[in-house]
Amino acid sequence: MKKILLPISLILFFLVANSTNYYVSSSGGSDSNNGLTIATAWQTLSKVNGVTLAANDSVLFKRGDTFVGQIIPQRSTISYSSYGTGEKPIISGFQTLSGWSSVGGGVYTAPTTVDNTANVVTVDGVNTAKGRYPNSTFLRFESHTGTTSVTDSQLTGTPNRTGQGIVIKSSRYTLEQRTILSHSTTTLTFSSVSHALQDGYGYFFQNAPELLDSIGEWYTSGGTFYMYFGGVNPTTKVVKVG
């Protein structure tokens, strides 16, 4: 059988002709659309990541729009670009929070999709710290058992810390985050840390509403974001989590 060699230009034309453009607009799209035209654009990055794209397809984001989340490329031959006029589209890892509800004591909650992966939070563009106790120093434990518990003679059974987070210094260079599985008077038990514990090292507590006592302190749990506002109305602030 005689081989037929096609010119490169014809091959490229064939590939381009068989590709598909998909349009995405956070301001005017809908994930129920087919994404094939500007008028039927998709809306979210979740939709883009959830659709199986073919080789040489293009995903075009509307200029001037901001898209929250991340792009997960399915293959190296997919093109990501823009359409329309104006500023380049922004892909942001930040989610702007809304729908605040008071839980008392100056602490408010809002729903979030970032949840326990949150590690950067801004209030009006300024980074704020995750809440903790003590606020800036460390508590110290006098003894330990294996890699799963510490004993601090300064602790009491009140408040009971079960379910709270503990950040423990497990070596000179490491801090490890764990959830407290049980609290019995002076002893805290948690899942095993990866380094051998040393008596006299430090730790602090996190992940409980009562530990939030400074403006902007926060934590997340089960799709709920907690932040301390004190007497400030949270709707007057722009809070972003990423």
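Computed values, structure above
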{"read-out": "Rounded accessible area of Thr44 (nearest 10 Å², 1.4 Å probe)", "value": "40 Å²"}
{"read-out": "Gained length - Ile38 relative to Ser92, 0.36 nm times residue gap less alpha-carbon distance", "value": "17.3 nm"}
{"read-out": "Hz values of 3J(HN,Hα) by residue in segment 49-58 - Karplus curve (6.51, -1.76, 1.60), Gly and Pro given as x", "value": "5, x, 9, 7, 9, 8, 4, 6, 5, 10"}
{"read-out": "Aspartates and glutamates whose Cα lies under 19 Å from that of Lys62, excluding same-chain neighbours fewer than 8 positions away", "value": "Asp31, Glu87"}
{"read-out": "Between 0 and 90°, nearest 10: helix 8-17 axis offset from the chain longest Cα axis", "value": "70 degrees"}
{"read-out": "Under Karplus coefficients 6.51, -1.76 and 1.60, residue-wise ³J(HN,Hα) of segment 233-241 in Hz, glycine/proline x", "value": "6, x, 6, 8, 10, 9, 10, 10, 10"}
{"read-out": "Charge dipole (the chain, unit charges on Cβ, about Cα centre) - positive-most of Ala196, Gly222, Asn18", "value": "Asn18"}
{"read-out": "Interchain or long-range residues, amide H under 5 Å from Val68's placed H", "value": "Leu45, Ser92"}
{"read-out": "Amide H contacts under 5 Å for Thr162, placed H, 5+ residues apart", "value": "His183"}
{"read-out": "Cut-off under 5 Å, modelled amide H: who pairs with Gln95 long-range", "value": "Val241, Gly242"}
{"read-out": "Accessible surface of the chain [probe 1.4 Å, protein heavy atoms]: carbon and sulfur percent", "value": "54 percent"}
{"read-out": "Bridge type composition, the chain - antiparallel percent by DSSP, nearest 5", "value": "75 percent"}
{"read-out": "Highest-fluctuation residue, Ile78, Ile91, Ile168 considered, GNM on the chain with Cα pairs under 10 Å", "value": "Ile78"}
{"read-out": "Net charge of Cβ neighbours under 15 Å - reference Thr185; Lys, Arg +1; Asp, Glu -1", "value": "-1"}
{"read-out": "Net charge of Cβ neighbours under 11 Å - reference Ser153; Lys, Arg +1; Asp, Glu -1", "value": "-1"}
{"read-out": "Segment Ala118-Thr148, length gained on full extension (0.36 nm per residue, minus Cα span)", "value": "8.3 nm"}
{"read-out": "Förster-model FRET efficiency, 25 Å R0, Ser182 and Ile215, C-beta, rounded to 0.05", "value": "0.15"}
{"read-out": "Calculated FRET value between Thr20 and Ser46, using beta carbons and R₀ = 22 Å, to 0.05", "value": "0.70"}
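The values are calculated or read from the model by the stated rules, or taken from the named source; none is laboratory data. Just so we're clear, the structure is a prediction, and the values are computed from it rather than from any experiment. A quick note on method: Cβ atoms are made from the backbone with ideal geometry, for glycine too, and the neighbour counts reach across all protein chains shown. Heavy atoms of the whole protein, side chains included, go into the accessibility calculation; ligands, DNA and RNA do not. Shrake-Rupley method; radii C 1.70, N 1.55, O 1.52, S 1.80 Å.
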